[in-house]
Structure formats: structure tokens, C-alpha cells
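What follows is one structure encoded as C-alpha cells, with my remarks underneath.
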Amino acid sequence: MRDTVRQWIREARRIAVLTGAGISAESGVPTFRDAQTGLWAQFNPQELATEAAFRAHPQRVWDWYAFRREMIAKVAPNAGHLALAAFQQRHPGRLALITQNVDGLHQRAGSHETIAIHGSILQDQWLDAARPCCDAGALQAGRPPRCLVCGNLRRPAVVWFGESLPVTALEAAEEAANACELMLVIGTSGVVYPAAGLALAAHQRGARVVVINPEPTELDRVADHCLREPAAQCLPALLEH
Ligand code: BJW
């Protein structure tokens, strides 16, 4: 099956890749829906990743992100991230990389044109629209930090449930999904929209869809092939010269 997919990769003039948390699993970053560890085992990640949760329990949600930021700072891109970045460098303009991940590992691997549709855990932004007094360079320390004058809170610059995706990134992702001849769907459960809809759109427009994931996913039903393998093992073999 790998040989067939390798042939499809050779043939496709435009390739789109949609990645999820699974591509970072072999770097040591737990997937989003994996059981939480330690202190966080008692919380459901889906219930922490909302604006309502942050407003109700700002310190708890801030600390959860701080814990994940520390973990991400200690890990490195793996062979899957690196194989995608090397392919992009060998074939400029041929592979559009769309990621749901907020961990920055594609960018650290050298994929400089990554379309990050769920934002970045490495940055903060204001919770409420910034007022003239809001100065990110002069914050009242705390968990979370806040504006010295009005108390507006800092929050992670990620997209929570119920929030719109960044318009430019979403448009670029849709353009790539609509234009591709082949889409590789790597390490995502395919349950979160509009991200999962990108694979459905590619399929509806006649692109071949290949799912790379050791477990079954919601997107297998539109896949022409499912490679049941870990991404960091599979991608170097698929994308090498
Ligand atoms: C391996 C591996 C290895 C392991 N190799 N693989 C249509 C239908 C139904 C619902 C909706 C819909 N449209 C919108 C919604 C609502 C909602 C949604 O989708 N809900 C569903 C859960 C039902 N969507 C939204 O709210 C989105 N916003 C929106 O639509 O706005 C429009 C709007 C706004 C306001 C009013 C009206 C309309 C926003 C979604 C934002 C998602 N944000 C998060 C959190 C980011 C910050 C953070 O990290 O804390 O993004 S949620 C979380 O899920 C995170 C992920 O990017 C995302 C996807 O998860 P992912 O990557 O798939 O991870 P897992 O853990 O689920 O799966 C890992 C996979 O890896 C597994 O399959 C493993 O097997 C595999 N794996 N090891 C390869 N080695």
C-alpha cells in the first residue's frame, strides 16, 4: 500500500497535508484526547479549551496551558515533521501544510509556510478587545497576567471551541484543500470542524485522500487508503527522494 501512495505522491502536482496531534506524539507531546496525566487527569481537555472555562476558572486553564508550554519547550520535531519540511524544501510550492496543532513543531522543523488554523500555544493575546490602557509590555504578574489599569486578562493565542478560526489561515487552508490532487490526513481523530471538513472538501472535489494513523478515524470513510502506522515511521519512507 505504501508503494501505491508513494506513486500518488509522485503524480500529484498539488498536495495538501492536514496534521493533528498524532504527528507530535512521537516527539513526546500527548495527543489532545489522550488521558491527561498527573494533576490534569481529573479534567476533560474538551472542557478546558473554551472561553467559558477560562472566564470561570482563569487560573486553572492558565496553569493547564503553562504545563503544556513547559512540556513543548522540552521536546523536538520528530522524523515526521522533518520529512514534511524536507519535502517542501525540495518541491517549493507543491505541498501545502495545514496543521491543527498549536505546538509550533512543524515551524521548528523548517516548515515556514505552515497554515496553523488553531493558533499558537507559544503566544498570548488579550481576552477582551484591547483598550488604550492595555500594554502587553507592562503587565501585572499573575496566573494569568492582567492589564495594570483595567484588569483585562492575557490568554493563550489558540482557537477554543465555539471561536472562529483566523480568517486568513482558514481561507488558505480551504484554498489548498480545494486545489489539491492528493490530501494526506496525518495524526488526527477527524472529529473537530471545520478542520475535518477540509478532508471532506478535498474528497468531494475528486482528490485522493490518504489517512496516516495507527487507529481508525472519522475520516477513514473518505479515504482512498488508510496507512495504519505511526507518522514518524511512515512519513520518511513515503516522502524520501
Ligand atoms: C497518531 C500517532 C502517531 C496517535 N502517528 N497518529 C460541525 C459539526 C459538529 C460540530 C461542529 C461543526 N462545526 C463546528 C463545530 C463545533 C466545534 C467542533 O468541531 N466540535 C466537535 C468536537 C464536535 N468546532 C469549533 O468550535 C470550532 N470553531 C468553529 O467552528 O467556529 C465557528 C463558529 C463560531 C462561533 C459561532 C458559530 C460558529 C473551533 C475548534 C477549535 C479547536 N480547538 C482545539 C484546542 C486548541 C487549543 C489547545 O490545544 O488547547 O484544537 S480542540 C483540539 O482538537 C485541538 C486540536 O487541534 C483539535 C483536533 O484534535 P486532533 O489533533 O485530531 O487530536 P486528537 O487527540 O483528537 O487525535 C489524535 C490522533 O492522533 C488520534 O486519531 C490518534 O490515533 C492519532 N495518533 N499517535 C499518527 N504516532
Problem set entry | Kirkwood hydrodynamic radius of the range 1-77, Cα pairs, Å | 15.2 Å
For this session: First select every other residue whose beta carbon is under 13 angstrom from the beta carbon of Arg13; then total the charges, Lys and Arg +1, Asp and Glu -1.
Result: +2
For this session: Calculate, in nm to one decimal, what Glu51 and Asp63 gain on full extension: separation in residues at 0.36 nm each, minus their alpha carbon distance.
Result: 2.9 nm
Seminar exercise, completed: If unit charges are put on Cβ atoms (+1 for Lys and Arg, -1 for Asp and Glu) and the dipole of the range 107-233 is taken about its Cα centre, the option from Cys133, Gly119, Ala202 lying farthest towards the positive end turns out to be Cys133
Exercise. Can you give the three extents of the C-alpha atoms in the range 122-188 along their principal axes, from longest to shortest, in whole Å?
Worked result: 52, 25, 22
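Mind checking the range 169-241 for GluC sites (Glu not before Pro) that DSSP puts in a loop (not H, G, I, E or B) and that have at most 16 other Cβ atoms within 10 Å?
Filter output for the range 169-241: Glu181, Glu218, Glu240.
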For this session: Express in % the proportion of alpha carbon pairs of the range 53-94 at distances exceeding 14 Å.
Result: 66 percent
Exercise. Share of Cα-Cα pairs in the range 87-127 beyond 12 Å, in percent?
Worked result: 60 percent
Exercise. Short version: what are the Cα gyration tensor semi-axes of the range 1-141, square root of 5 times each eigenvalue, largest first, in whole Å?
Worked result: 33, 19, 13
Problem set entry | Pairwise label distance in nanometres, Val75 with Arg131, each label 7 Å out on the Cα-Cβ vector | 3.9 nm
Exercise. With θ set to phi - 60° and the Karplus curve 6.51 cos²θ - 1.76 cosθ + 1.60, what are the ³J(HN,Hα) couplings of the range 212-225 in order, to the nearest whole Hz, using x for Gly and Pro?
Worked result: 10, 5, x, 10, x, 9, 5, 9, 4, 5, 9, 7, 7, 8
Exercise. Once you list every other residue whose beta carbon is under 14 Å from the beta carbon of Pro77, what net charge do they have if Lys and Arg are +1 and Asp and Glu are -1?
Worked result: 0
Exercise. About its Cα centre, what dipole magnitude does the range 1-105 give when the only charges are +1 on Lys and Arg Cβ and -1 on Asp and Glu Cβ, stated in debye to the nearest 20?
Worked result: 480 debye
Exercise. What residues have an amide H closer than 5 Å to that of Gln125, excluding those fewer than 5 places away on the same chain, when H is modeled at 1.01 Å from N in the peptide plane?
Worked result: Arg155, Ala157
Exercise. What is the distance, in nm, between label points placed 7 Å from the Cα along the Cα-to-Cβ direction at Ala157 and at Gln7?
Worked result: 4.5 nm
For this session: Give the order of Leu239, Leu122 when sorted by the count of other beta carbons within 10 angstrom, beginning with the fewest.
Result: Leu122, Leu239
Problem set entry | Rg to Rh quotient for the range 129-241, alpha carbon positions, Kirkwood Rh | 1.17
Exercise. Using the Cα atoms of the range 7-50 to build a convex hull, what is its mean projected area in square nanometres?
Worked result: 5.0 nm²
Problem set entry | Projected area averaged over orientations for the chain, convex hull of C-alpha atoms, nm² | 13.2 nm²
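Read the figures in this text as sums done on the coordinates, not as results from a lab. Keep in mind it's a predicted model, so treat the numbers as computed, not measured. Neighbour counts run over all protein chains shown; Cβ positions are idealised from the backbone, glycine included.
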